[in-house]
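Colleague: Can you keep this structure in mind? I'll have questions shortly.
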Amino acid sequence: MNNPKALRRIQFGNPILREKARRLTLAEIKSAEIQELIASMRYTLERKKLGVGLAAPQVGKDIALVCIKIQPAEHRPDVEPFEAVLINPKLVHTFGRRQQLWEGCISAGSTGKADLFAKVPRYKEVEVTYLDEKGRQHKKRFMGLQAQIAQHEIDHLNGILFVDRVRDTKTFMTYSEYLKRVKKAQNGKIKP
């Protein structure tokens, strides 16, 4: 396998982000092309520290593939690291009521990071079926940040952007304003 490389991210406005992604066959999953794409998507998230999830349409591929890589960051220093590859994921069950959670998208900016944030209604716990990078079937419950990311990335595979789900447009803010609010909230001065 070739060395993984940082992938160019597709930005809002590109038609591929509004298309429904094609499901992969087992043979495709095991192909060198898809394995190299997975390695490069992981590399893009890990080395470039761009977001916590990346769907294949965000790198110009119309296939149902998601890589998740949660790492501590300035605005979430205590997060527990987590990594997963979801192929042909399907949200099969939700639990509880949706809550308004802050969200951004690396396709909503030219810096490679999310330049735009807003509150999005998301379930705090979801159950997802998917195949991993070896083609093995999984059924897993995701909770908290993992659940939020799974919902965001599965939306990408269905041509839905986080801005489509925002109910209160007054919550939109830039990344720098978002960081200021999070820092003040961490110091107990305001609610995020």
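Colleague: Please verify whether segment 110-125 includes one or more residues that are within 16 Å of THR174 (Cβ to Cβ), of a type in the set (Asp, Glu) and within 13 Å of the chain's Cα centre (by Cα).
Modeller: There is no residue in segment 110-125 that is within 16 Å of THR174 (Cβ to Cβ), of a type in the set (Asp, Glu) and within 13 Å of the chain's Cα centre (by Cα).
Colleague: Just to be sure before I move on: is ALA21 modelled with pLDDT of 95 or more and under 20 Å from GLN148 (Cβ atoms) in the structure I sent?
Modeller: So ALA21 passes the test.
Colleague: Right, another one. So which pairs qualify, if the first residue must be in segment 169-183 and without any contact (Cβ under 8 Å) to a residue 60 or more places away in the chain, the second must be part of a strand (DSSP E or B), the Cβ gap must be under 6 Å, and the two must be at least 6 apart or on different chains?
Modeller: From segment 169-183, the pairs are PHE172/ALA118; MET173/PHE117.
Colleague: Which members of segment 1-35 meet the condition of being under 19 Å from the mean Cα position of the chain (by Cα), of a type in the set (D, E, K, R) and not in a loop (DSSP other than H, G, I, E, B)?
Modeller: Answer for segment 1-35, where residues must be under 19 Å from the mean Cα position of the chain (by Cα), of a type in the set (D, E, K, R) and not in a loop (DSSP other than H, G, I, E, B): ARG18, ARG22.
Colleague: Kindly evaluate LYS90 against the criterion of being of a type outside the set (A, V, I, L, M), under 20 Å from SER176 (Cα atoms), in contact with a Ser or Thr (Cβ under 8 Å, 6 or more places away or on another chain) and not in a loop (DSSP other than H, G, I, E, B).
Modeller: So LYS90 fails the test.
Colleague: What about GLU80, is it modelled with pLDDT of 95 or more, out of contact with any Phe, Trp or Tyr (no Cβ under 7 Å at 6 or more places or on another chain), charged (D, E, K, R) and surrounded by fewer than 21 Cβ atoms within 10 Å (Cβ to Cβ)?
Modeller: Answer is no for this residue.
Colleague: Which of the residues spanning segment 47-83 are among the charged types (D, E, K, R), within 13 Å of the chain's Cα centre (by Cα) and at negative phi?
Modeller: Across segment 47-83, the qualifying residues are LYS69, GLU83.
Colleague: Taking segment 13-28, which residues are of a type in the set (A, V, I, L, M, F, W, C) and within 17 Å of LEU54 (Cβ to Cβ)?
Modeller: Passing the criteria: ILE16, LEU17, ALA21, LEU24.
Colleague: Given LEU45, LEU37, LEU86, which one is surrounded by 15 or more Cβ atoms within 10 Å (Cβ to Cβ) and within 17 Å of ILE160 (Cβ to Cβ)?
Modeller: Step by step, each of LEU45, LEU37, LEU86 is checked, and only LEU86 is surrounded by 15 or more Cβ atoms within 10 Å (Cβ to Cβ) and within 17 Å of ILE160 (Cβ to Cβ).
The values are calculated or read from the model by the stated rules, or taken from the named source; none is laboratory data. Everything numeric here is computed off the predicted structure, so don't read it as measured data. Cβ: placed from backbone, ideal geometry, glycine included. Neighbour counts: every protein chain shown.
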